[in-house]
Amino acid sequence: MNKDIGMTQALLFHCAGPEGPAMFKSLCKQLEHKAPDIEPRLWPEVGNPDEVRYAAVWLPPDGFFEPLTKLAAVLALSAGVERLLDDPHLPAHLPVIRLEDAGMGELMAEYVLYGVLHAHRQFPQLVANAATAHWGRDCPGNAAKAFHIGILGAGVLGQQVAMRLVKNGYTPTCWSRTNRSLPEGIGHCHGDEALLDLARNSQVLVCLLPLTTATRNILDKELFNVMPAGGFVINAARGEHLVDRDLIAAISRGALAGALLDVFREEPLPAEHPFWAESRIIVTPHIAAPSQPTATAAQVVDSIVKLEHGQQPGGLVNRELGY
Ligand code: NDP
């Protein structure tokens, strides 16, 4: 990697989330120990843009990359990178490194487990009964192993979620683009032709896909129509995976029992959006698995050290595939 000898090398940090200050603090501390030659800078204090060799970002403002013509790599402070890749000022050749797990897997596993238990033990119906003081004992539970869960995505998060469900007695099946070998207890299928069959056999469908042209609008009526009656949808990936009106229609006519949604096309979810008014949909404000400051900083610094030594860090995004 080319460096201008004798020139200061800087990392420019920008994080739009509330975890930004803690993350930057941790990053400064860890850089000091592991890569003291790299000077951390907090946007908008760019200094001399020609000295900025790395950018660590979550939702950078428009034009952020324009003056940074000497960048060697961009480190995303997130697992999903679709908005970053859409930035017109991000040079096409630049390596983009995303977060892999960094503490998010455990949180995501808890979030999905909550949703699965909610659906499995028929809480949408129990909550509706309670709202009308109805003592309904007609919500039988069946064994976890007979309650089928399809997970769209067999990546870092999909696998962790699946493993947690296995520990809780479920037999999840993950779906991916390519063939993969997954840990024992997790079923697997891959390719477009396998998707409808998976939906047909899934009482809960969980979306943990990256947002790409191939996965946009993937949670639609075609899937909802073939899911078993009383099915449940969990979307913790991106709002654009879900066709909102198809979900509302499937729940309204009783084909689906409900949904747990963490991500939306517009965030914050507008007050007038029909999801808020549908009691069988649980809305959470994109909190399923927030980036963890210390683990995120550790992964960013580890990637920089590897790049500085000419090694390839984990989480390198395939810019053609979009993830
Ligand atoms: P990974 O890249 O590790 O995994 C992605 C998985 O999706 C892979 O198994 C991949 O298949 C599969 N996939 C991609 N495209 C397709 C396709 N066209 N058809 C079938 N399968 C496909 O991502 P992560 O698990 O780290 O993260 C997943 C997403 O979760 C992120 O992109 C982000 O949007 C979201 N997220 C949400 C958070 C929240 O708080 N709500 C927090 C963190 C992440 P293959 O294995 O064959 O490549």
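Within the range 114-127, does at least one residue satisfy the condition of being assigned by TED's automatic domain parsing to the domain that holds Gln203, in a helix (DSSP H, G or I), within 16 Å of the ligand (Cβ to nearest atom) and under 26 Å from Ala22 (Cβ atoms)?
yes
Quickly run through the range 180-234 and pick out the residues that are open to solvent by 20 Å² or more (accessible area, probe 1.4 Å) and among the hydroxyl-bearing types (Ser, Thr, Tyr).
Listed by number, the residues that qualify are Ser181, Thr213.
When you scan the range 77-102, how many residues do you find that are in contact (Cβ under 8 Å) with a residue 40 or more places away in the chain and more than 10 Å from the ligand (Cβ to nearest atom)?
6
Restricted to the range 9-24, and to residues that are part of a loop (DSSP other than H, G, I, E, B) and either of a type outside the set (A, V, I, L, M) or closer than 14 Å to Val300 by Cα (or both), which residue is most open to solvent (accessible area, probe 1.4 Å)?
If we take residues in the range 9-24 being part of a loop (DSSP other than H, G, I, E, B) and either of a type outside the set (A, V, I, L, M) or closer than 14 Å to Val300 by Cα (or both), then Pro18 is most open to solvent (accessible area, probe 1.4 Å).
Kindly establish whether Ile304 is in contact with a Leu (Cβ under 8 Å, 6 or more places away or on another chain) and in a strand (DSSP E or B).
no
Quick one: count up the residues across the range 145-154 that are buried (at least 18 other Cβ atoms within 10 Å of the Cβ) and either more than 12 Å from the ligand (Cβ to nearest atom) or free of Cβ contacts under 8 Å to residues at least 60 places away in the same chain (or both).
Residues in the range 145-154 being buried (at least 18 other Cβ atoms within 10 Å of the Cβ) and either more than 12 Å from the ligand (Cβ to nearest atom) or free of Cβ contacts under 8 Å to residues at least 60 places away in the same chain (or both): 6 in total.
Which condition breaks for Ala289 when tested against (1) closer than 27 Å to Ala214 by Cα; (2) open to solvent by 40 Å² or more (accessible area, probe 1.4 Å)?
The failed condition is (2).
Among the residues of the range 25-45, count how many are open to solvent by less than 30 Å² (accessible area, probe 1.4 Å) and out of contact with any helix residue (DSSP H, G or I) (no Cβ under 7 Å at 6 or more places or on another chain).
Total meeting the criteria: 1.
Select, from Leu247, Leu269, Leu260, Leu256, the only residue that is within 12 Å of the ligand (Cβ to nearest atom) and closer than 21 Å to Val127 by Cβ.
Selected residue: Leu260, the only one of Leu247, Leu269, Leu260, Leu256 that is within 12 Å of the ligand (Cβ to nearest atom) and closer than 21 Å to Val127 by Cβ.
Go through the range 155-167 and give me each residue that's open to solvent by 10 Å² or more (accessible area, probe 1.4 Å), within 16 Å of the ligand (Cβ to nearest atom) and within 18 Å of His118 (Cβ to Cβ).
Within the range 155-167, Arg164 is the sole residue that qualifies.
Has the range 280-297 got any residue that is within 16 Å of the chain's Cα centre (by Cα) and among the charged types (D, E, K, R)?
Looking for residues that are within 16 Å of the chain's Cα centre (by Cα) and among the charged types (D, E, K, R), one finds none in the range 280-297, hence no.
Residues in the range 272-301 that are away from the ligand (no atom under 15 Å from the Cβ) and without any contact (Cβ under 8 Å) to a residue 60 or more places away in the chain: how many?
Residues flagged as away from the ligand (no atom under 15 Å from the Cβ) and without any contact (Cβ under 8 Å) to a residue 60 or more places away in the chain within the range 272-301 amount to 8.
Any idea which of Tyr170, Tyr114 is within 22 Å of Phe232 (Cβ to Cβ) and buried (at least 22 other Cβ atoms within 10 Å of the Cβ)?
Tyr170
In this structure, is Gly150 more than 19 Å from Ala237 (Cα to Cα) and small (Gly, Ala, Ser)?
no
The values are calculated or read from the model by the stated rules, or taken from the named source; none is laboratory data. All values derive from a computational prediction rather than experimental measurement. A quick note on method: Cβ atoms are made from the backbone with ideal geometry, for glycine too, and the neighbour counts reach across all protein chains shown. Ligands, DNA and RNA are excluded from the accessible area calculation, which covers all protein heavy atoms including side chains. Shrake-Rupley method; radii C 1.70, N 1.55, O 1.52, S 1.80 Å.
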